[in-house]
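Rule-based calculations on the coordinates, nothing more; no lab input. Here the structure is a predicted model, which means the values were calculated and not measured. Here the Cβ is made from the backbone with ideal geometry for all residues, glycine too, and neighbour counts use every protein chain on show.
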Amino acid sequence: MNMIFERKLPIPKEVKEQYPLSPELSRIVTDRATEIKKIFEGKSQKLALIIGPCSADNEDSVIDYITRLRKLSDKVEDKIFIIPRIYTNKPRTTGDGYKGMLHQPDPNEKSDMYKGIVSIRNLHMRALTETGFSCADEMLYPENHRYLNDILAYVAVGARSVENQQHRLTASGLDVPVGMKNPTSGDVSVMMNSITAAQHKHTFIYRGWEVHSQGNPWTHAILRGYVNKHGQSLPNYHYEDLLHLCETYTDSGLQNPGVIIDTNHANSGKKYLEQVRITKEVLHSCRHNTDIKKLVKGFMIESYIEDGAQKIGECIYGKSITDPCLGWEKTERLILDIADLI
């Protein structure tokens, strides 16, 4: 085997014992999970807003950003349920580049997975303790989910993972909403198959155990655009796309039909300023068609303190080192606009 075994990492139970949640913090996580489930069950008319940096690369600036969200949330909480993005795992198309805080707690240093595990739990705990926000993270590695499963509000399965059996089956055993992105090819049937699998019960191997999942009725779609055979980014958030997804859901018989619109990635062609226009276009579609309004449960927006992106090592506080993000002033204006347009 062409691998070098560095060290055996602690199991999730050991990490949780070292960095435990208090009963009060656990109650906050449970209460927020209950509220977001109501959104996907259609029992709450609030929109879910999963918003934050492309990748959580710096603890202090991420907490600074989320603290700003907390203050803004108080102004719109009757219409918008904010779930900050703390994405600590970064999928890479070619496998090269910065892979997130789990791999590199310091983007300028080499990988250290043990420090990474501790760092990502500490970051999520700081957000919960200091702002009262349980947050969203991407499930890039299903076997690592239990390091954070007691603290997350929302889980996303990415475009490159959505066809993977282990991601689907693990999602079927989670008790928070899980969003399944359409694959990079744009094949909606792949996404719908993934949702179907996650909503059903399964028996499978997880972390060396034979486990029985109970099915996750809050699993739903995320539309993020796609790439055609020429490598061109194309959107799938337009009125016709949403209407087609409504019809697909109707034919599927799945529980709790719902979609989150990812306003960046291929939907924007990574032109981050387009996120404002895309959000408003989707809200217009919701006003025009009641079926679309029922289906759209919210948005996923990449946002940080500073506009755009920078290279690793430039060290501009609050600026993304991966995909470009919407800066704070534009973010604040957009959230207030969303509240006015709902």
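Some observations on this one:
- Contact order normalised by residue count of the chain, Cα under 8 Å, 6+ apart, percent: 16
- Environment charge at Ile260 (Cβ cut-off 11 Å; Lys +1, Arg +1, Asp -1, Glu -1): +2
- Using the empirical formula 2.2 N^0.38 Å as the baseline, the Cα radius of gyration of the chain reaches a ratio of 0.93.
- Distance from the C-alpha centroid of region 175-223 to that of region 47-73: 26 Å, rounded to the whole angstrom.
- Net charge, Asp137 excluded, C-beta distance under 13 Å - Lys, Arg +1, Asp, Glu -1: +2
- Among the trypsin sites (Lys or Arg not before Pro) in region 236-342, those placed in a DSSP loop whose Cβ has at most 10 other Cβ atoms within 10 Å are Lys311.
- Amide hydrogen neighbours beyond the local backbone of Ile222, cut-off 5 Å, H modeled: Met180, Lys181, Asn182, Ile260
- DSSP assigns beta bridges within the chain; of those with both partners inside it, close to 20 percent run antiparallel.
- Glu130-Glu329 FRET efficiency (beta carbon distance; Förster radius 30 Å; 0.05 resolution): 0.85
- Within the chain, helices built from complete DSSP H runs that reach 15 Å or longer along their own axis (Cα positions) and carry a mean Kyte-Doolittle hydropathy of 0.5 or higher are 188-199.
- For the chain, the residue among Ser61, Met101, Leu254 whose Cα projects farthest onto the positive side of the dipole built from Cβ charges is Leu254.
- Neighbour-count ranking [beta-carbon atoms within 10 angstrom, fewest first] of Met180, Met3, Met113, Met300: Met3, Met113, Met300, Met180
- Among Gly327, Gly42, Gly215: highest mean-square fluctuation, GNM of the chain, C-alpha pairs under 10 Å: Gly42
- The amide H of Asn264, built 1.01 Å from its N in the peptide plane, has Glu302 as neighbours under 5 Å, considering only residues 5 or more places off or on other chains.
- Think of each Lys and Arg Cβ as +1 and each Asp and Glu Cβ as -1; about the Cα centre, that makes the dipole of the chain roughly 300 debye.
- Region 212-284: chymotrypsin sites (Phe, Trp or Tyr not before Pro) in DSSP loop, at most 12 other beta carbons within 10 Å: none
- Neighbour-count order for His220, His167, His212, fewest beta carbons within 10 angstrom listed first: His212, His167, His220
- Sites listed here are trypsin sites (Lys or Arg not before Pro) in region 192-237 whose DSSP assignment is loop and whose Cβ has at most 13 other Cβ atoms within 10 Å: Lys201, Arg207, Lys229.
- Based on C-alpha pairs under 8 angstrom that are at least 6 apart in sequence, region 273-342 has a relative contact order of 27 percent.
- Coupling constants for region 210-216 follow from the phi torsions by the Karplus curve (6.51 cos²θ - 1.76 cosθ + 1.60, θ = phi - 60°), and in residue order they are 7, 10, 10, 7, 9, x, 10 Hz; glycine and proline get x.
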